[in-house]
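Colleague: This is the structure, below, for whatever I ask next.
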Amino acid sequence: MRETVNKTKAWKKLEEHYKTMKKTQMRDMFDEDKNRAQKYTLQLENMLVDYSKNRINDRTMKFLFNLARECQLEEKIKAMFEGEKINVTENRPVLHIALRNRENKPIYVDGKDVMPEINAVLAKMRKFSEAVRLGTFKGQTGKKLTNIVNIGIGGSDLGPVMATEALRKYWAKDINCYFISNIDGTACAEVLNKINPETTLFIVASKTFTTIETLTNAKTCRKWLVDALGEHAVSKHFVALSTNQKEVEKFGIDPENMFEFWDFVGGRYSMWSAIGLSIAIAVGMDNFEKMLEGAYAMDQHFSQTDFEHNIPVILAMLGVWYNNFFNCHRHAVIPYDQYLQYVPAYLQQLEMESNGKDVGLDNEYIKYATTPILFGGAGTNVQHSFFQLLHQGTEMVPTDFIVPAISHNEIGDHHEILLANVLAQSEALMRGKTVRETAAEMTAAGKSKETVAFLKKFKSFEGNRPSNTIVLKKVDPYALGMLIAMYEHKVFVQGVIWGINSFDQFGVELGKQMALSILPELENNASGVSHDSSTASLISYIKKLRK
Ligand code: F6P
């Protein structure tokens with residue numbers, strides 16, 4: 001058993017080192033070293049990652065890499081790529097990397113190469129998505145299927161939603177994608193109100209095919225379709241994406257219309273698998289495969305590059321530095337691109353469902369902070385909501401800025417204004433404005449002495465707030481694949497450092513189980529479960545209102 005990370009030599013070094021770094025000003029480090037940006041910038045093909053606006057120096061990075069080595073990161077990366085059962089609580093390998101293994105090198109699980117099956121599903125996805133796009137796979141009444149409705153939740157929704165939105169510019173002209181995830185009937189009703197059953201394809205996406213939200217939504221949609229077109233229409237308008245053929249058949253979907261994936265693909269890592277069918281239909285299989293290629297380029301980089309030049313490793317270790325030494329337990333991700341608006345929501349599941357855990361691989365409770373709370377939204381919008389807190393809040397929030405150099409919609413000077421804003425935000429967070437600078441600026445602007453004395457603190461900025469800036473050339477399928485794979489590997493590295501299994505999600509079970517016991521009570525049947533007085537009175541108050 002390995003010693004817990006906070007007992008390692010490197011951790012102790014970092015604790016010591018933190019004492020000297022906590023007062024160091026980034027603006028001074030930039031002034032002292034004209035090469036700083038160059039030194040702390042990495043480029044992988046067209047993706048540039050500038051991490052120079054962080055509270056680090058060479059010693060910080062050295063200690064962080066030492067920590068990664070002490071945690072046997074290299075061996076752990078190898079174990080994942082070789083298909084070892086690193087998801088120990090579920091006794092499974094973790095092989096989303098196999099889904100985009102574009103060189104098709106064999107990857108063995110229990111002595112069997114998984115690549116032929118993966119390739120067969122990709123081929124089936126190509127055939128089907130092309131048939132839908134060309135209109136050769138028709139609906140029951142002979143019409144082309146142009147409304148694609150993905151029914152799924154969590155990893156069976158967020159990846160497809162995020163990626164189809166990111167690649168909206170690549171959609172076939174006559175295709176529209178819709179997503180139903182929430183059990184709230186409104187989610188179903190709002191989509192069904194917009195579409196015509198004759199031209200609709202429902203994709204029921206569920207790894208387990210037991211998720212109550214997805215199955216309830218799918219049943220409602222099935223009834224809506226059957227009411228309009230009859231039972232025969234189901235085979236023309238419903239397909240399933242799942243690992244669970246038995247449940248798919250039980251639901252009434254022909255296994256011919258099922259696109260398989262496997263236990264070794266975690267829900268939140270599944271958009272590269274059959275779960276991406278809606279993406280493939282919207283943007284075409286060639287573009288879907290370009291997304292896989294981008295992810296593969298990042299996989300290669302991650303698995304073959306020394307830590308000192310490894311983008312996911314560096315981003316992960318910076319996260320550890322702030323989370324565990326500066327005690328910053330929040331992390332913001334701000335894409336400056338409207339098409340990337342759902343990336344923060346996607347990353348919330350990826351990071352927090354993977355690493356929001358309190359029991360370590362040594363089966364002991366963890367005594368240090370694991371993953372921070374991730375939040376974000378599209379810039380510049382969020383500049384006008386929570387950026388006040390990023391600049392002047394009492395807790396420092398390390399931030400990732402993501403921005404494409406070229407917009408898909410270069411209208412007038414919109415994109416220059418957007419670019420100026422993202423660059424200004426990271427500079428402002430880093431540089432700040434001291435009380436003295438603020439006072440001087442106000443005096444120069446002709447403000448009275450009293451006004452300056454009263455307002456100078458309110459209007460000053462502490463600065464020294466860290467950020468990474470990730471520049472893409474353009475939001476295209478390849479760049480999106482690279483970006484998302486980068487974050488997946490960052491999460492993996494942090495899981496290794498914190499000594500947790502990033503690939504289970506037992507934390508979501510208790511609430512699900514308790515909902516099942518409350519449900520009969522809302523339907524006026526006894527559940528045999530006794531509740532606390534708050535829950536009991538909420539149940540009775542809601543029932544009274546619903547009478
Ligand atoms: O609620 C957690 C979860 O299990 C996620 O991990 C998963 O992405 C989601 O539910 C959906 O699960 P499924 O694809 O099996 O319906």
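The values are calculated or read from the model by the stated rules, or taken from the named source; none is laboratory data. Keep in mind that what you see is a predicted model, and the values were worked out from it rather than measured. For neighbour counting, all protein chains shown are included, and Cβ atoms are generated from backbone atoms with ideal geometry for every residue, glycine included. Areas reflect the complete protein model, heavy atoms only, side chains present, ligands, DNA and RNA absent. Shrake-Rupley method; radii C 1.70, N 1.55, O 1.52, S 1.80 Å.
Colleague: Here is a list: PHE202, PHE251, PHE209. Which entry is of a type in the set (A, V, I, L, M, F, W, C) and at pLDDT below 95?
Modeller: PHE251 is the lone residue from the list that is of a type in the set (A, V, I, L, M, F, W, C) and at pLDDT below 95.
Colleague: Examine region 145-165 for a residue that is without any contact (Cβ under 8 Å) to a residue 24 or more places away in the chain and either surrounded by fewer than 21 Cβ atoms within 10 Å (Cβ to Cβ) or hydroxyl-bearing (Ser, Thr, Tyr) (or both), and state whether such a residue exists. Give the steps one after another, and end with the answer.
Modeller: Taking region 145-165 and keeping what is without any contact (Cβ under 8 Å) to a residue 24 or more places away in the chain, we get none.
No, there is no match, as no residue in region 145-165 is without any contact (Cβ under 8 Å) to a residue 24 or more places away in the chain and either surrounded by fewer than 21 Cβ atoms within 10 Å (Cβ to Cβ) or hydroxyl-bearing (Ser, Thr, Tyr) (or both).
Colleague: ALA123 - would you say it is open to solvent by less than 50 Å² (accessible area, probe 1.4 Å) and either closer than 20 Å to ASP286 by Cβ or within 16 Å of the ligand (Cβ to nearest atom) (or both)? Please lay out each step first, then the result.
Modeller: Details: open to solvent by less than 50 Å² (accessible area, probe 1.4 Å): no; either closer than 20 Å to ASP286 by Cβ or within 16 Å of the ligand (Cβ to nearest atom) (or both): yes.
The answer is no for ALA123.
Colleague: Here is a list: HIS415, HIS408. Which entry is over 26 Å from ARG55 (Cα atoms) and either aliphatic (A, V, I, L, M) or in contact with a Ser or Thr (Cβ under 7 Å, 6 or more places away or on another chain) (or both)?
Modeller: Working: HIS408 fails: either aliphatic (A, V, I, L, M) or in contact with a Ser or Thr (Cβ under 7 Å, 6 or more places away or on another chain) (or both).
When all the criteria are applied, what remains is HIS415.
Colleague: Going by what's in this entry, would ILE314 be described as surrounded by 24 or more Cβ atoms within 10 Å (Cβ to Cβ), of a type in the set (Val, Ile, Thr) and out of contact with any helix residue (DSSP H, G or I) (no Cβ under 6 Å at 6 or more places or on another chain)? Walk me through it before giving the result.
Modeller: On the way: surrounded by 24 or more Cβ atoms within 10 Å (Cβ to Cβ): yes; of a type in the set (Val, Ile, Thr): yes; out of contact with any helix residue (DSSP H, G or I) (no Cβ under 6 Å at 6 or more places or on another chain): yes.
When the stated conditions are applied, ILE314 passes them.
Colleague: Contact list please: Cβ distance under 7 Å, first residue in region 79-102 and within 13 Å of GLU293 (Cα to Cα), second residue open to solvent by 70 Å² or more (accessible area, probe 1.4 Å) and at pLDDT 95 or above, pairs at least six apart or on different chains.
Modeller: Sorted first by the residue in region 79-102, then by its partner, the pairs are ARG102/GLU293.
Colleague: Within region 126-142, track down each residue that is assigned to a helix (DSSP H, G or I) and either of a type in the set (S, T, N, Q) or open to solvent by less than 30 Å² (accessible area, probe 1.4 Å) (or both). Show your work before the answer.
Modeller: Restricting attention to region 126-142, the residues satisfying the condition of being assigned to a helix (DSSP H, G or I) are 126-134.
Within region 126-142, PHE128, SER129, ALA131, VAL132 qualify.
Colleague: Something else: What pairs can you find where one residue is in region 197-216 and free of Cβ contacts under 8 Å to residues at least 12 places away in the same chain and under 12 Å from ALA240 (Cβ atoms), the other is within 7 Å of the ligand (Cβ to nearest atom) and of a type in the set (Lys, Arg), and their Cβ atoms are less than 6 Å apart, with a gap of 6+ or different chains?
Modeller: Cβ pairs passing all conditions: none.
Rundown of residues vs (1) without any contact (Cβ under 8 Å) to a residue 40 or more places away in the chain; (2) over 23 Å from GLN349 (Cβ atoms), yes/no style:
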| site | (1), (2) |
| --- | --- |
| ASN421 | no, yes |
| ARG431 | no, yes |
| ALA444 | yes, yes |
| LYS449 | yes, yes |
| PHE458 | yes, yes |
| LEU483 | no, no |
| HIS489 | no, no |
| VAL496 | no, no |
| LYS512 | no, no |
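Colleague: I've got another one for you. Can you find, within region 222-265, the residue that is nearest to the ligand (Cβ to nearest atom) among those that are surrounded by fewer than 19 Cβ atoms within 10 Å (Cβ to Cβ) and part of a loop (DSSP other than H, G, I, E, B)?
Modeller: My answer is ASN244.
Colleague: Check region 220-232 and report whether any residue there is modelled with pLDDT of 95 or more and of a type in the set (Lys, Arg).
Modeller: Yes: region 220-232 contains one or more residues that are modelled with pLDDT of 95 or more and of a type in the set (Lys, Arg).
Colleague: Quick check on region 268-281. Is at least one of its residues away from the ligand (no atom under 16 Å from the Cβ) and touching a helix residue (DSSP H, G or I) at 6+ places or on another chain (Cβ under 8 Å)?
Modeller: At the first step, the residues of region 268-281 found to be away from the ligand (no atom under 16 Å from the Cβ) are 280-281.
With the extra rule that they be touching a helix residue (DSSP H, G or I) at 6+ places or on another chain (Cβ under 8 Å), the set shrinks to 280-281.
So far as region 268-281 goes, yes, one or more of its residues are away from the ligand (no atom under 16 Å from the Cβ) and touching a helix residue (DSSP H, G or I) at 6+ places or on another chain (Cβ under 8 Å).
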